[in-house]
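Everything on this sheet refers to the single structure shown next.
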Amino acid sequence: MKSKLFVTTLLVGSVILGGCSASNSQSGKHETMDHSNMTDEETTNMEGMDHSNMSHDEMMNMENGHASHTNPLPLNDSTGDNELALPPLLEPKHGVVDITAQQGKTEIFEGVETETYGYNGSFLGPVIRVNEGQTVTFRTKNNLAEPTTFHWHGVEISGEGDGGPHQILQPGASHDVKFTVNQGASTLWFHPHPEGATAEQVYKGLAGLIYVEDENSKKLGLPSKYGENDFPLVFQDRVFTEEKQFDYQAVRNEDGTIGDTLLVNGTFNPKLTIGKEKVRLRLLNGSNARNYTFKLNTGDKFQQVATDGGFLNKPITMSEITLTPGERAEIIVDFSKYDADHNIALVNEENTILLPFHIDDQKTSSIEISDSLNDFAVTDEERNLPVTKKLELFGMGPMVSINGKQFDMNRIDFTQKQGETEIWEIYNKPDMMGGMIHPFHIHGTQFKIVSIDGKEPPANLQGWKDTVSIEPSQTVKLAVKFNNKGIYMFHCHVLEHEENGMMGQIEVK
Ligand SMILES: [Cu+2]
């Protein structure tokens, strides 16, 4: 992770502070407009221009939450002692998938039982595999002792089925979510979304993956044998008590809870045994707040083939990839050039060993990956659309806000017509401490990144996305279309930011 925290000086602080108090004395309407030129008509058509008045004291208070983020807790190196756990693969039976949230005990550390949450098991969840065009019913059940919801991150589904904070399931309750899979091959995921308890429930283990397959994905020649040459990798950092338990409330950080212990698919000190062949790794940053920059310790390159919501048009050769919370990427690593005794691992930017690989050189194959994977494009029409929704992400810790407002379940912030594309402009407004990256997520849709600070996004972001990393001072334009109706959340995917109010609601009619 590149540190995007700016050097802070009193001078910078006072300039920003000055800028902010100046805006308070105005109607606030011009404050968010300084980075675009719009006609009066566009201004009238624009949503999201309200601006709150943040007091000087509130601004000053934000400094506290900040300090912890300038020095994230380092992660442990994986010793590779334990073979990586592979989540069970779950496919619809007669169109039905049963998913139960439950509590249990899990042996994460040898000889110790940790109290955990999971779906259909004690810790984490299965990989649910569905096909485009298939009608499925997710039969959800809450066997926890507290309310929860089942949110399908990245799935294009009605607002009612989306599992946001409105769709609470009380302990013991069940609910059927029936929908038709109406999107292409992709690696999506699911997790709870109850107001005020999302971060803790995810932390304790509620997260699973959803694979969508389609006709195209089966023809591309990508490695697709689950658990053989196609692996899910869910990265989560945690802090354990001395008794090797989770105590979320004790370690909760208002700007995102970061841990010193890495779990991949729930496995501590994992290693992954793979063949001497091309292998597909489906990476999910399932952490509450930590960003990861993944690379190979050898410095060798790999190919990225998919973003959050589908394939890139062609494989992109990369030497590293950063994923912020909620984001996914599929990469292909070619292990055919390494021998069994080769020391190769996935590491992060600080060269912390995240996942060492053990190469079984008896297992080989030669796979040619198609050079043409998808036909994604931002059209000229989309590029020329005016901005009709403006969002300003601002603040730290308990003071995070979108357009100066904090989440209110009884307030609809925006409306949009079903099937109509609008351009959302999201600005991450820095504060006097610099600010931090906000991974911005919209429910119920896959969007296109039109531009980042006015420029075309890098090649590996030219694909379907549902979560976009926005750095301080950056402005990102998205082409957003909802294919279904209902109320959807949009929010920062640092789970504590979401919980602290960096979330809003859009009603699609
Ligand atoms: Cu955030």
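The values are calculated or read from the model by the stated rules, or taken from the named source; none is laboratory data. Because the structure is predicted, anything quoted here is derived from the model rather than measured. We place every Cβ from the backbone using ideal geometry, glycine too, and count neighbours over all the protein chains shown.
Within segment 166-184, being surrounded by fewer than 21 Cβ atoms within 10 Å (Cβ to Cβ), β-branched (Val, Ile, Thr) and outside any loop (DSSP other than H, G, I, E, B) holds for one residue alone: Thr180. Candidates Phe414, Phe407: the one that is farther than 27 Å from Leu312 by Cβ, within 16 Å of the ligand (Cβ to nearest atom) and not aliphatic (A, V, I, L, M) is Phe407. All of Thr322, Thr293, Thr298 fail the test of being surrounded by fewer than 20 Cβ atoms within 10 Å (Cβ to Cβ) and either more than 20 Å from the chain's Cα centre (by Cα) or not assigned by TED's automatic domain parsing to the domain that holds Thr257 (or both), apart from Thr298. Listed by position, the strands (runs of 3 or more DSSP E) inside segment 301-376 whose residues that are modelled with pLDDT of 95 or more, in contact with a His (Cβ under 7 Å, 6 or more places away or on another chain) and not polar (S, T, N, Q) number at least 3 form an empty set. Restricting attention to segment 384-391, does a residue exist that is part of a loop (DSSP other than H, G, I, E, B), within 16 Å of the ligand (Cβ to nearest atom) and either on the phi < 0 side of the Ramachandran plot or not small (Gly, Ala, Ser) (or both)? Within segment 384-391, not a single residue is part of a loop (DSSP other than H, G, I, E, B), within 16 Å of the ligand (Cβ to nearest atom) and either on the phi < 0 side of the Ramachandran plot or not small (Gly, Ala, Ser) (or both). Could you check Gly501 against (1) touching a residue at least 60 places away in the same chain (Cβ under 8 Å); (2) assigned to a loop (DSSP other than H, G, I, E, B); (3) more than 16 Å from the ligand (Cβ to nearest atom) and say which number it fails? For Gly501, the failing item is (3). For the structure I just gave you, tell me whether Asn313 is touching a residue at least 24 places away in the same chain (Cβ under 8 Å), more than 21 Å from Asn82 (Cβ to Cβ) and within 16 Å of the ligand (Cβ to nearest atom). It is false that Asn313 is touching a residue at least 24 places away in the same chain (Cβ under 8 Å), more than 21 Å from Asn82 (Cβ to Cβ) and within 16 Å of the ligand (Cβ to nearest atom). Taking segment 452-493 and the strands (runs of 3 or more DSSP E) fully enclosed by it, the elements with 2 or more residues that are buried (at least 22 other Cβ atoms within 10 Å of the Cβ) and within 16 Å of the ligand (Cβ to nearest atom) are at 467-470, 486-492. Counting only residues that are assigned to a loop (DSSP other than H, G, I, E, B), within 13 Å of the ligand (Cβ to nearest atom), more than 16 Å from the chain's Cα centre (by Cα) and over 9 Å from Phe394 (Cβ atoms), segment 426-447 holds 0 of them. Annotation note: Cβ proximity below 8 Å between a residue of segment 430-441 that is closer than 20 Å to Leu478 by Cβ and a residue that is near the ligand (Cβ under 8 Å from one of its atoms) and part of a strand (DSSP E or B) (sequence gap 6+ or interchain) occurs for His438/Leu393; His438/Cys492; Pro439/Cys492; Phe440/Leu393; Phe440/Cys492; His441/Cys492.
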